[in-house]
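What follows is a single structure, written as structure tokens, with notes after it.
The values are calculated or read from the model by the stated rules, or taken from the named source; none is laboratory data. This one's a predicted model, so the numbers in the text were calculated from it and none came from an experiment. We place every Cβ from the backbone using ideal geometry, glycine too, and count neighbours over all the protein chains shown. Just so you know, the surface numbers come from the protein's heavy atoms only, side chains and all, with ligands and any DNA or RNA stripped out. Shrake-Rupley method; radii C 1.70, N 1.55, O 1.52, S 1.80 Å.
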Amino acid sequence: MVTKIDGATTCNETERQVFETELNMGTVHPAALEPYRVRLFIEDEIVKDAEITVGVNHRGIERIMEGLPVEKANALTEKVCGICSNGHIFNSCRTGEGALGIEIPERAKYLRVLAQELERLHSHMLYLGHGSEVLCHETFAMRIFYIRESVMDLLFMMGGNRVQYGISVLGGIRPRADLNSREKQRILDTMDYIDEKVAAFAERFVADPMVMSRITGTGELSQKQALDLHVTGPTLRATGYEFDYRTKMPEYEPFEFNVITQDGGDVRANILMRATEIFESTNIIRQVIKGLPEGPIVNRNWELTDAPVYKSYIEVPRGVCYHSYGLEDGKVRHSIIRTPSMSNIAAMQESCIGHPVQDAQLNIVSCDPCFTCTDRAIQIIKL
Amino acid sequence: MGIKSLARKKAIHLMLVYTGGCNGCDIEIVNTVLSPKFDIEQYNVYLTWNPREADVLVVSGPVTHWTKEPLIKIYESIPKPKLVVAVGACALTGGVYKNIHGELPSEEIAGPVDNVIPVDAKVPGCAVRPEDVVAGVVSVIPILLEKEDK
Ligand code: SF4
């Protein structure tokens, strides 16, 4: 309703009618890569509330795992996620080893860390590529995908496959994934290549005024909100909170690395966060190759026995991942997997709220979603 | 070769539908299109997200019950002639998610893809290699052009 006050046309706030529109997308929507449902409640192009639902790609891996011997179940956990497949098999082997009290050789520990860091590299580069694609900057996306291929080649060299490489087995690592001196040199050369190329990419990225003005200040998430929602991983670190589960893992003790943080919690901070973490990962990989101890890579001296519920947490590219096993005669009786995106879904919703609707997709992508692995049967316990 | 198929040959559009696999295959397919190393665009194949524009539907994943309906809808809204390429062990056989039960039917999986929609080409692998995706998609183009002329 428009009224005239003193000759000027203004809006009368009390009589103005605001319509809330609902925009929903999904669950299988051609524009979203993964199936998930977003409902955005919009007033005046500003998102007032957002709701993300998952559940369409529930395949019930934990249910399939029940009754299988623990080594077989470990191999299945890899199929939880195609991005952090190594994170899952690493953590489930770690859980099984903890439960059955299996000692792992030192060399295997180093190589597991190596695989984990290579995976972080490819996941962060995928994030940068996907983010650039959503920003509609295809040139950046192609450029970073090209650099990513060098990491995929290393994973192919180690595991013999580009996605499901299955490096860890119960008691150590697969003999296939052991490194000889030529392969070590190749990894070192690739790390130099990545450092150089990603630095050049990042420089070009931050020097682009169009891109920077698009991403600065969009999808802000404050540190308090992030802590309240129990956000993990780089999304939490992008709000300035220093928390990285790698600092608490015994596997990472021999290596020196910094916990990177960024301020702001917006899309810019998220993107820079991942870009700077790439250099930390290449640094860890160099230390792994330099300090790689000689010796056996797998300990086959173990027995399948009963074990009470054993829990294990590790840091995967998107945050903290949780696995637990309860074993009976070495067969899985109970298993729970919680992936980091589970807690980051709240961050995705929250970062959409209060921002224009055209930024919503970008804000969701900036929290690095992986809805496939998040699709587990969950129970929310109100405290 | 008729004028229609001659024109079509220059702009084949590929659409990706994801039906509940582990994401590994999807990323490899996106890699096929976006990564300059594989670059399916050199064969005049482009990625689209609009079913009405698409010629080739690339399906990955074992088709969970929830994604069955949308998959049929997307398939039906693609104009003729259309072809379907099933990509990955999941799309071909149901993969680990379906077959691990042995004789028992899985409660979650409605697939594999050819239970739901007709499939013209199958690309195996878990996860598929981008080279194989390129080969699979390029090998169905002649069939598409033949159908176009009819
Ligand atoms: S075939 Fe393998 S990589 Fe592809 S979606 Fe299925 S489990 Fe994942």
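If you take the Cα centroid of the stretch A:156-185 and the Cα centroid of the stretch B:50-93, the two points sit 34 Å apart.
Accessible area buried by the pairing of B and A, both sides summed with a 1.4 Å probe, works out to roughly 3200 Å². When chain A is treated as a Gaussian network with alpha carbon springs shorter than 10 Å, the biggest mean-square fluctuation among A:ILE364, A:ILE271, A:ILE64 belongs to A:ILE64. For the stretch A:234-272, applying the loop criterion from DSSP together with a ceiling of 10 other beta carbons within 10 Å to the GluC sites (Glu not before Pro) yields A:GLU256. Taking A:ILE167, A:ILE46, A:ILE278 in turn, the Gaussian network model of chain A (Cα-Cα springs below 10 Å) assigns the largest fluctuation to A:ILE46. Where only DSSP H runs of four or more residues are counted, the protein assembly as shown gives -14000 deg cm²/dmol as its mean residue ellipticity at 222 nm, each run worth -39500 (n - 2.57).
Per residue, the solvent-accessible area of the stretch A:61-359 (1.4 Å probe, heavy atoms of protein chains only, all protein chains present) comes to 37 Å². Scanning chain A for DSSP H helices at least 15 Å long along the axis (C-alpha atoms) with a Kyte-Doolittle mean no lower than -1.0 picks out A:85-100, A:106-134, A:138-159, A:181-206, A:267-291, A:340-352. Normalised by 2.2 N^0.38 Å, with N the number of residues, the alpha-carbon radius of gyration of the protein assembly as shown equals 1.01. For the stretch B:1-37, applying the loop criterion from DSSP together with a ceiling of 10 other beta carbons within 10 Å to the trypsin sites (Lys or Arg not before Pro) yields B:LYS10.
Can you give the longest stretch of chain A with no exposed loop site, where a site means trypsin sites (Lys or Arg not before Pro) in a DSSP loop (not H, G, I, E or B) with at most 14 other C-beta atoms within 10 Å?
On the way: sites that count: A:ARG16, A:ARG300, A:LYS382.
In short, A:17-299.
Applying the criteria of a DSSP loop state and at most 15 other Cβ atoms within 10 Å to the GluC sites (Glu not before Pro) of the stretch A:41-86 yields A:GLU45, A:GLU66. The label-point distance for A:THR53 and A:ARG204, in a model that sets each label 7 Å from Cα toward Cβ, rounds to 4.2 nm.
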